[in-house]
There are 2 protein chains.
Amino acid sequence: MRAVFQQELASVQDGLILISDLVLDAIRDASTAFNSADIALADQVITADPVIDRLAVELDELSIQILGRQGPVAHDLRIVVAALRMSALLERMGDLARHIAQLVRRHYPQHVVPESLRDVFVELAAQSVRTAELLNRLLRTQAVELADALIHGDARTDELHRSVFAAILSEDWTGDTEQTVDVTLATRFFERFGDQAVSIAKRVKYLSTGEWAPQRVRP
Amino acid sequence: MRAVFQQELASVQDGLILISDLVLDAIRDASTAFNSADIALADQVITADPVIDRLAVELDELSIQILGRQGPVAHDLRIVVAALRMSALLERMGDLARHIAQLVRRHYPQHVVPESLRDVFVELAAQSVRTAELLNRLLRTQAVELADALIHGDARTDELHRSVFAAILSEDWTGDTEQTVDVTLATRFFERFGDQAVSIAKRVKYLSTGEWAPQRVRP
């Protein structure tokens, strides 16, 4: 019985890893599309997102079946409940990558952001990809130091996010209203992508160490 | 045993209702603060938000205990799992009300949005309050027609959200960059508030009718 249960828990973990693989692909492609105004790649992200949604629903079904069949206790129970949370957060990360791709599509053949902001967004995008990579490795290994690296790295995302606002609120900003709107949305999508990853990292850390005071991320 | 379990399920429902009471207070106060540039009320929303966060964590703990203790099956299990989801969504609605209040605080003594957009935001805010009221009644009564009214009403929110963008992208818009940024954020916060409520309404409907094809909301 215990062996079956361990095997089912492993399936849940595999499910999370698979979804995070797809989220990593999504943010990588969305970032490249964003940086190079590549509509084909943007469309690919948009088309692929329902797969993430479907896998998240399937993983939830599996988790619910496990909860019903096994009557897991204590720590195991927390793992399954955490998986339910994480699948929702990963699914949201996929949505945010799709939102970024949709901005690319709307502006094509123009870039979403003007030349003057290109560098900061390249860094913001790279930061999001790095976050998704760390998250993927974290889900594979449960290595707490990866959770810490991810949480630490998110401070840099927030800094870049603030610097985007500083740039568009400075006197040098010559963008029109549409550019201002889309820069605002774009930086918010990247920032929220990081926030969801931090929520997941904190849950993994909590499961591993019990260290985590139960509190939510302040976006 | 069964009676104890029913009592515990009722506690979970009470917990959701209590949190949704506070979310309703939060969006009502945030909306009033937004419409009248009332910083005292905005501060009240900001100060009250951690209570929502704490109650959501406590409700999750209760749900996890129930899952562990009772080994609930089938429909009951789905109710507890849905409660875990709903508490996360309600908590996010509280965050969004707080974000709106934070915009009010940042602009005080000015309004967040200029005169020309005041009416559409009054309606957007009223729509959010109405959504929170419907949600509260839905959680109290589980009446499917309230879920439908809520989901239907969200289309109006989306329409208002789009009309804000149409207004700031028109030639008549004379707002500066800061106003454009904050109008963009404000309309997005109201829109996302509605999206979370729709997610909850769909879950309640699914639990009641089994009708719901498992899919996520497209924001």
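The values are calculated or read from the model by the stated rules, or taken from the named source; none is laboratory data. The structure displayed is predicted, hence computed values, not measured ones. Ideal geometry is used to build each Cβ from the backbone, glycine not excepted, and the neighbour counts take in all protein chains shown.
Within the stretch A:129-143, track down each residue that is closer than 16 Å to A:MET86 by Cα and β-branched (Val, Ile, Thr).
Going through the stretch A:129-143, the residues closer than 16 Å to A:MET86 by Cα turn out to be A:131-142.
Within the stretch A:129-143, A:THR131, A:THR141 qualify.
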The condition from (1) within 13 Å of chain B (Cβ to nearest Cβ); (2) farther than 18 Å from A:VAL198 by Cα; (3) β-branched (Val, Ile, Thr); (4) out of contact with any Lys or Arg (no Cβ under 8 Å at 6 or more places or on another chain) that A:VAL81 misses is numbered (2)
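When only residues in the stretch A:172-181 that are in a helix (DSSP H, G or I) and buried (at least 18 other Cβ atoms within 10 Å of the Cβ) count, which is farthest from the other protein chains (Cβ to nearest Cβ)? Outline the logic, then answer.
So the first thing to find is which residues in the stretch A:172-181 are in a helix (DSSP H, G or I), and the list is A:177-181.
Still in the running and buried (at least 18 other Cβ atoms within 10 Å of the Cβ): A:177, A:179-181.
Values: A:THR177: 5, A:GLN179: 9, A:THR180: 4, A:VAL181: 5 Å.
Here the residue is A:GLN179.
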Determine whether A:THR157 is free of Cβ contacts under 8 Å to residues at least 40 places away in the same chain, buried (at least 16 other Cβ atoms within 10 Å of the Cβ), more than 14 Å from every other protein chain (Cβ to nearest Cβ) and part of a helix (DSSP H, G or I). yes
I'm told B:VAL51 meets every condition in (1) out of contact with any Gly (no Cβ under 8 Å at 6 or more places or on another chain); (2) more than 8 Å from chain A (Cβ to nearest Cβ); (3) within 24 Å of B:LEU124 (Cβ to Cβ) except one. Can you identify the failing condition by its number? (3)
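With the structure loaded, tell me whether A:GLU61 is out of contact with any helix residue (DSSP H, G or I) (no Cβ under 9 Å at 6 or more places or on another chain), acidic (Asp, Glu) and surrounded by fewer than 22 Cβ atoms within 10 Å (Cβ to Cβ) or whether it fails that test.
Criteria met by A:GLU61.
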Can you confirm whether B:GLN13 is more than 14 Å from chain A (Cβ to nearest Cβ) and in a helix (DSSP H, G or I)? yes
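Every residue, every condition in (1) surrounded by fewer than 19 Cβ atoms within 10 Å (Cβ to Cβ); (2) hydrophobic (A, V, I, L, M, F, W, C); (3) closer than 28 Å to A:LEU89 by Cβ, yes or no:
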position: B:ALA132; (1), (2), (3): no, yes, yes
position: B:ARG137; (1), (2), (3): yes, no, no
position: B:GLN142; (1), (2), (3): yes, no, yes
position: B:ALA149; (1), (2), (3): yes, yes, no
position: B:HIS152; (1), (2), (3): yes, no, no
position: B:VAL198; (1), (2), (3): no, yes, yes
Among the candidates B:ARG118, B:ARG106, B:ARG98, which residue alone is part of a helix (DSSP H, G or I), in contact (Cβ under 8 Å) with a residue 12 or more places away in the chain, farther than 27 Å from B:MET86 by Cα and touching an Asp or Glu at 6+ places or on another chain (Cβ under 8 Å)? B:ARG106
Looking at the stretch A:58-77, which of the residues that are more than 16 Å from A:ASP21 (Cα to Cα) and hydrophobic (A, V, I, L, M, F, W, C) is farthest from the other protein chains (Cβ to nearest Cβ)? A:LEU62
For the stretch B:183-195, enumerate the residues that are over 13 Å from B:LEU117 (Cβ atoms) and either of a type in the set (Lys, Arg) or away from chain A (no Cβ under 11 Å) (or both). B:ARG188, B:GLU191, B:ARG192, B:PHE193, B:GLY194
With respect to A:GLN196, determine if the residue is assigned to a helix (DSSP H, G or I) and either at pLDDT 95 or above or not basic (Lys, Arg) (or both). yes
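Suppose we filter A:LEU67, A:LEU96, A:LEU117, A:LEU90 for residues that are buried (at least 22 other Cβ atoms within 10 Å of the Cβ) and at pLDDT below 95; which single one remains? Step through it out loud before you land on a result.
On the way: A:LEU96 fails: at pLDDT below 95; A:LEU117 fails: at pLDDT below 95; A:LEU90 fails: at pLDDT below 95.
The match here is A:LEU67.
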